[in-house]
Amino acid sequence: MMDPTTDNAWPSGDADTARASLEALRAEIAKAVVGQDPAVTGLVVALLCRGHVLLEGVPGVAKTLLIRTLAASLELDTKRVQFTPDLMPGDITGSLVYDARTAEFSFQPGPVFTNLLLADEINRTPPKTQSALLEAMEERQVTVDGTPRALPDPFLVAATQNPVEYEGTYPLPEAQLDRFLLKLTVPLPSRQDEIDVLTRHAEGFNPRDLRAAGVRPVAGAADLEAARAAVAKTTVSPEIAAYVVDICRATRESPSVSLGASPRGSTALLATSRAWAWLMGRDYVIPDDVKALAGPTLRHRIGLRAEAEMEGVTADSVINAILTHVPVPR
């Protein structure tokens, strides 16, 4: 494993510029959203890994505002879909529309043809419509009438769901949960953060007018491409790869777990750890990078036994226990 004490800075160039631009996102998003740095960092990691994000939090903690502000700060095209019980797959992917003038059918693209798709309250729509996103999330394309149509790059689905309201909702199937790279929890703000929110509103802040709040694009697709190329060069030692595997295998062996992380979970944890290492200014991964991303990357890939849930066990507590017991490479 590479020695983390050695001086191993990136050479100046596109990678440095891209990192600075992505770091500037924090300050830009903070103009509209108070105190959600971990969620912001998770969204940046997902963009670097070409992954998708599931945001979970009670109503009113700025989940939708966070995604809208991210899109405004990145100079990317964004669309929002409010998921409802009567939403149809074609309302997301698009459909063939008959043109009376030409007597032909033409494809009308749906909102999924964008860079950043905000799937608001995704668990409020039936599984048939939820599954319309599966091909888009995994293959980066949509097939309508037998014809595949490529989606733009970058493409990220940011879905939100409410963890406390179950009436009229449809839990996401395991296959779709596994398509999300990260599950980020958006907590209630601290007392001081909530005071800051109220102060901003008292001074005239309008969450529907981000431009008036001073939010401007600070990064674009070129920065993302340069950053992704740099992340791809981040070194992973055999010891770190084995550490990732040991953590994921431990989730399958935990007595509290009915379904552990699959090999897709292992590759996801490796990818997010590399992105985090690069954001931290290193071109190699250390165990702390893996620990930092284990929770967001694995928590939605773990199914708990009913008796464990009744005893108050959570996916996060299982992961924390695993990180305590799995030997750390030196």
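Structural remarks
- Out of 212, 242, sole residue that is of a type outside the set (Val, Ile, Thr) and touching a residue at least 60 places away in the same chain (Cβ under 8 Å): 242
- Hey, residue 150 modelled with pLDDT of 90 or more, open to solvent by 50 Å² or more (accessible area, probe 1.4 Å) and aliphatic (A, V, I, L, M) or not: yes
- Restricting 200, 191, 208, 179 to residues that are open to solvent by 40 Å² or more (accessible area, probe 1.4 Å) and touching a His at 6+ places or on another chain (Cβ under 9 Å) narrows the list to 179.
- Where residue 68 falls short, out of the listed (1) under 23 Å from residue 36 (Cα atoms); (2) out of contact with any strand residue (DSSP E or B) (no Cβ under 6 Å at 6 or more places or on another chain); (3) surrounded by fewer than 16 Cβ atoms within 10 Å (Cβ to Cβ): (3)
- Residues in the range 228-275 that are within 30 Å of residue 153 (Cα to Cα), among the hydroxyl-bearing types (Ser, Thr, Tyr), surrounded by fewer than 23 Cβ atoms within 10 Å (Cβ to Cβ) and touching a helix residue (DSSP H, G or I) at 6+ places or on another chain (Cβ under 6 Å): 234, 266.
- Which listed residue is over 23 Å from residue 209 (Cα atoms) and open to solvent by less than 30 Å² (accessible area, probe 1.4 Å), from 114, 125: 125
- Selection status of residue 159, touching a strand residue (DSSP E or B) at 6+ places or on another chain (Cβ under 8 Å), at pLDDT 90 or above and open to solvent by 30 Å² or more (accessible area, probe 1.4 Å): no
The values are calculated or read from the model by the stated rules, or taken from the named source; none is laboratory data. Given the structure is predicted, the values throughout are model-derived calculations rather than measurements. Don't worry about glycine lacking a Cβ; one is built from the backbone with ideal geometry, like all the others, and counts go over all protein chains shown. Remember, those area values only see protein heavy atoms, side chains included, never the ligands or the DNA or RNA. Shrake-Rupley method; radii C 1.70, N 1.55, O 1.52, S 1.80 Å.
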